[in-house]
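The values are calculated or read from the model by the stated rules, or taken from the named source; none is laboratory data. Owing to the predicted nature of the structure, the values given are computational and were not obtained by experimental measurement. Because the Cβ atoms are built from the backbone with ideal geometry, glycine has one as well, and the counts that use them run over all protein chains shown.
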Amino acid sequence: MELSTAPADAVAVVAARLGDAVSGLPPGDGVGVFGGVYLQVTDAVVRRLGEDGYFGSPADVARLDTLFADRFLGALGADAPPACWRPLLDLRLHPGIRPVQFALAGMNSHIEHDLPLSVVDSCRSLDCPPQELEADFHRVNDLLAGVEEQVREELLALPPELDVADPLLHLLDSWSIDAARDAAWASARMLWELRGTPEAYAAAAGALDRSTGMMSRCLLTPLRDARAMREASRQTAVADY
């Protein structure tokens, strides 16, 4: 896969495709929430690609970014999407799920499943091992970490009475972008080593798809109804007292 345009321009095309895919979705749609986050990350990559020296190989980063986006966009239009994307697609309009949960579940599916497969696809096209992409792979970590922190601040408005035992805090603390990226890199290296044995590769990729989907479904546990029931129970207890 050869790039016919400058790396920054190639990723700008990716951003436009993402924007088209999520534009017009109703407010609160989980796919739209994650799509907005994904656009922030893609815009950050475009800006960095325009800076001399940030990435060691801008063309390889643009290639990986394009392959990466293709997997998310493909899942949106698939009759049978990968297991990792089904929780978000199935629960995208659930009223009991907060926007920050949609954002993190989408990041989990895209990073822990789509990213390692995209690294392998990119390495196949370049005929190089993942280690040759490792430095730029980890440079993207800083961009993702910054966006994740911003997303949590923008989408998570916690009520003052929330305590440390609240289920929402428990869910949010169970997922880390650094851990997700580390796991994605380990998965990419494992899958690369299995590339010569198609049956083993397919089994490993399938297991990765399913396990990622399980985590995304956990992150999308509906919580608003439970919080309302707890508050009603508290008010009843006070009234009885």
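Odds and ends about this structure:
- Taken over the stretch 205-225, the criterion of being assigned to a helix (DSSP H, G or I) and either in contact with a Ser or Thr (Cβ under 8 Å, 6 or more places away or on another chain) or hydroxyl-bearing (S, T, Y) (or both) is satisfied by L208, S211, T212, G213, S216, C218, L219.
- Pairing each residue of the stretch 125-139 that is of a type in the set (S, T, N, Q) with any residue that is not in a helix (DSSP H, G or I), provided the two are 6+ apart or on different chains, yields C-beta distances under 9 Å for S125/M1; S125/E2.
- Lone qualifier among P116, P95, P87, P99 - being more than 19 Å from A183 (Cα to Cα) and buried (at least 22 other Cβ atoms within 10 Å of the Cβ): P87
- Residue in the stretch 60-81 that is within 25 Å of S187 (Cβ to Cβ), over 14 Å from the mean Cα position of the chain (by Cα), among the aliphatic types (A, V, I, L, M) and outside any helix (DSSP H, G or I) present: yes
- Selected residue (criterion: surrounded by the most Cβ atoms within 10 Å (Cβ to Cβ)) from residues of the stretch 7-26 that are touching a residue at least 40 places away in the same chain (Cβ under 8 Å) and in contact with a Leu (Cβ under 8 Å, 6 or more places away or on another chain): V11
- If you go through the stretch 39-59 and pick out every residue that is buried (at least 18 other Cβ atoms within 10 Å of the Cβ) and either of a type in the set (S, T, Y) or not in a helix (DSSP H, G or I) (or both), you end up with 2.
- Long-range neighbours under 8 Å by Cβ, at least six apart or interchain, first residue part of a loop (DSSP other than H, G, I, E, B) within the stretch 170-185, second at pLDDT 85 or above: S174/C218; S174/L219; W175/L104; W175/N108; W175/M215; W175/L219
- Residue count for the stretch 170-190, restricted to those that are basic (K, R) and over 16 Å from the mean Cα position of the chain (by Cα): 1
- If you go through the stretch 27-51 and pick out every residue that is farther than 28 Å from Q101 by Cα and either touching a helix residue (DSSP H, G or I) at 6+ places or on another chain (Cβ under 9 Å) or touching a residue at least 40 places away in the same chain (Cβ under 8 Å) (or both), you end up with 2.
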